[in-house]
Amino acid sequence: MHAAPALAAAAALLSSAAIPAPPAHATDGSRPAVTQAPARDRAHTDVLFIGAHPDDEFQSLATFGQWRQRRGLSTAVATITRGEGGGNAAGPQEGAALGLIREREERKAVGLAGIRNVYYLDKPDFWYTLSAPLTAHVWNRPPQPPTDTLERIVRLIRATTPRTVVTMEPRPFNQHGAHQESARLAIEAFRLAAAPHAFPGQLQREKYRPWQASELLTQSWGFKGPAGPGCARAKETDPRTGLPVRGFWTGVRSATGKTWAQVERDAARTYVTQGFGSLPPKVSTPRRELPCEWFTVLARGGKPVPAPVRDQSQLRPLYAEFRDGARRTGLPWLANGAQPAYPPNPAAEAPAVRRAPVVDGRAGPGEYPGPALTLRHWEGKECAPADCSATARISRHGSALYVLVEVRDDVLGAALDAGNDCKRHWRTDAVEIDLDPRGASTDTSTTFKAGILPFTARGGGPCAARDGDNRQGPAAATAPGMRVASVVTRPYTGYTVEAKIPFAGLPAAADPRRLTANILVYDSDTQDKTGKSRLAWSPFGSAQADPYVWGAVRLPGYRPVARPVSPARIPLEAARSQDSPAARAQARRTGVPLAVGPRHGRAG
């Protein structure tokens, strides 16, 4: 994961226990016959979890551990990427080097729940996005076919012959696009793995057989059900889809005497790169008050669980795309209420000023005549005004926008190195400025997003870098003409950040009537490179990654200069299974090729 939503979820650490039925391959009238997994099949697993990144499974490990302990059910994990695009709270590594570290973390974490096999598909992880379509494009870029990732997941289901497939939440709102896409692929592969017409080369050349898994579950992290031991017996229903929801209680004790909630916490803390090492070592919730982990049941007996369909009108493109996909896969009720009731977008005017503001971290006379924009709590821990509060002001001079953000804060976060670590600003105290020049983006690949650190290590001044947008990297290279300054109070009570952003650095011409923006503040209060609280001018949902929520910024008197839209530059570096000794050993042990590629030499 790339940002504080993961840390907020980790701090709440859900845990669980109603046990799935033991493997059954005979037809009982309620479920279709499935191909018997041969006893000699080294890759067979009873449960297959399909996620996008290392750590996506960790809030289900209490459940998987119990299934193994109580019924002897084995679980394997499929992880489509190694999380190369995420943050690193443990060191400077990024890209493929970070991916291999995250693989080691994941294998250690899942091992605490008795999971031995983790299959990586070697797809590139990039920055945090809410777009499943953008993720699909990156994962299946040419010369690969557009179905490459799906084909690998179908192959893995046929190779491992699971009874139960578990995946992530496929719905679009406030959810990582890679999580969405991994779930959509799992749902589609659940159906296609049993179809002889699907990827017939796997059957003819590689000698796999069609396989119909019986049960399909999705994680329901946000479901609010009862807590305590009774939650595992509760008959719950997802209020949006109408599908049944099953709970698994974390208060059950493992063979070590620890609750599974505690085992899961131990596992979470192995993800040091993601900041989870800062979680308290001990689960403090009394055992009888521990919650369940919740899973929505999408299919039983190999068939979708039906539910009423409630169509929404006036869907925005991202939600219309999801609705169409849900219909294609035969589960149209997944799109029930998928688009939330967005609040009205805020609006402001960037008044033109006769003289260019001096970028010095101060509001000089006449530089910012417009009203102050209040930034409100968006995510993480709510805080008092002296702890974290902020206002922003915007002006325009010529073909550049000027932004001044004044922040009250009580504790300095970690000072990062301006030379080699001016990136992933959400790990400490920072300001972020987001601009959509045409106000029509469905994801941030066509926007400008700059993170500004107000202070850096060894008494350094501010630094700025772009992240998660049309072009990433240090501002000096990716945003020519951008200028930043800051003033940090002594004694520390906060800071002011000021920035000049030339319109020429935006990925398209700035439309004076449609430009949208968001201004965000990240508050850390720690030295461990983890965030605590977040503020935003427009604070709904994933405020930094959802252009739909950004506020309108009008540019009176500005006449844009037409120019083409710049294509997005997205990092594509991915760790490779061939470079992982653990992955190579697993391939020899299970017979499933590296990256779940095709088996060779099986014809005849």
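Some points to look at:
- Verdict on Arg588 being basic (Lys, Arg) and either buried (at least 17 other Cβ atoms within 10 Å of the Cβ) or assigned to a strand (DSSP E or B) (or both): no
- Index of the failed condition, Thr374 passing every other in (1) polar (S, T, N, Q); (2) at pLDDT below 95; (3) loosely packed, with under 15 Cβ neighbours inside 10 Å: (2)
- All of Ala347, Ala341, Ala400, Ala386 fail the test of being of a type in the set (Gly, Ala, Ser) and surrounded by 14 or more Cβ atoms within 10 Å (Cβ to Cβ), apart from Ala400.
- Summed over the range 403-414, residues that are open to solvent by 10 Å² or more (accessible area, probe 1.4 Å) and under 21 Å from Arg483 (Cβ atoms) total 2.
- Residue match in the range 481-500 (condition: of a type in the set (Asp, Glu), at pLDDT 95 or above and part of a loop (DSSP other than H, G, I, E, B)): no
- Of the numbered criteria (1) open to solvent by less than 30 Å² (accessible area, probe 1.4 Å); (2) in contact with a helix residue (DSSP H, G or I) (Cβ under 7 Å, 6 or more places away or on another chain), the one Asp417 fails is (1).
- Test: Ala476 is under 22 Å from Arg563 (Cβ atoms), small (Gly, Ala, Ser) and open to solvent by less than 20 Å² (accessible area, probe 1.4 Å): no
- Looking only at the range 441-470, and only at residues there that are farther than 16 Å from Ala545 by Cβ, assigned to a loop (DSSP other than H, G, I, E, B) and open to solvent by 10 Å² or more (accessible area, probe 1.4 Å), the one that is modelled with the lowest pLDDT: Gly461
- Residue check for Ala384: over 18 Å from Ala517 (Cβ atoms) and of a type outside the set (Val, Ile, Thr): yes
- Residue match in the range 320-339 (condition: assigned to a strand (DSSP E or B) and either under 30 Å from Ala261 (Cα atoms) or not hydroxyl-bearing (Ser, Thr, Tyr) (or both)): no
- Every residue from the range 489-508 that is closer than 11 Å to Leu453 by Cα and open to solvent by 10 Å² or more (accessible area, probe 1.4 Å): Thr496
- Residues satisfying the stated conditions in the range 252-261, i.e. more than 24 Å from the chain's Cα centre (by Cα) and either outside any strand (DSSP E or B) or at pLDDT below 95 (or both): Val252, Ser254, Ala255, Thr256, Gly257, Lys258, Trp260
- Given (1) open to solvent by less than 60 Å² (accessible area, probe 1.4 Å); (2) in a loop (DSSP other than H, G, I, E, B); (3) not aliphatic (A, V, I, L, M), number of the condition His600 does not satisfy: (1)
- Members of the range 86-104 that are closer than 16 Å to Glu57 by Cα and open to solvent by 20 Å² or more (accessible area, probe 1.4 Å): Arg104
The values are calculated or read from the model by the stated rules, or taken from the named source; none is laboratory data. Computed from a predicted structure; not experimentally measured. Glycine gets a Cβ as well: all are built from the backbone with ideal geometry, and neighbour counts include every protein chain shown. Ligands, DNA and RNA are stripped out before the accessible areas are found, and what is left, the full protein with its side chains, is counted by its heavy atoms. Shrake-Rupley method; radii C 1.70, N 1.55, O 1.52, S 1.80 Å.
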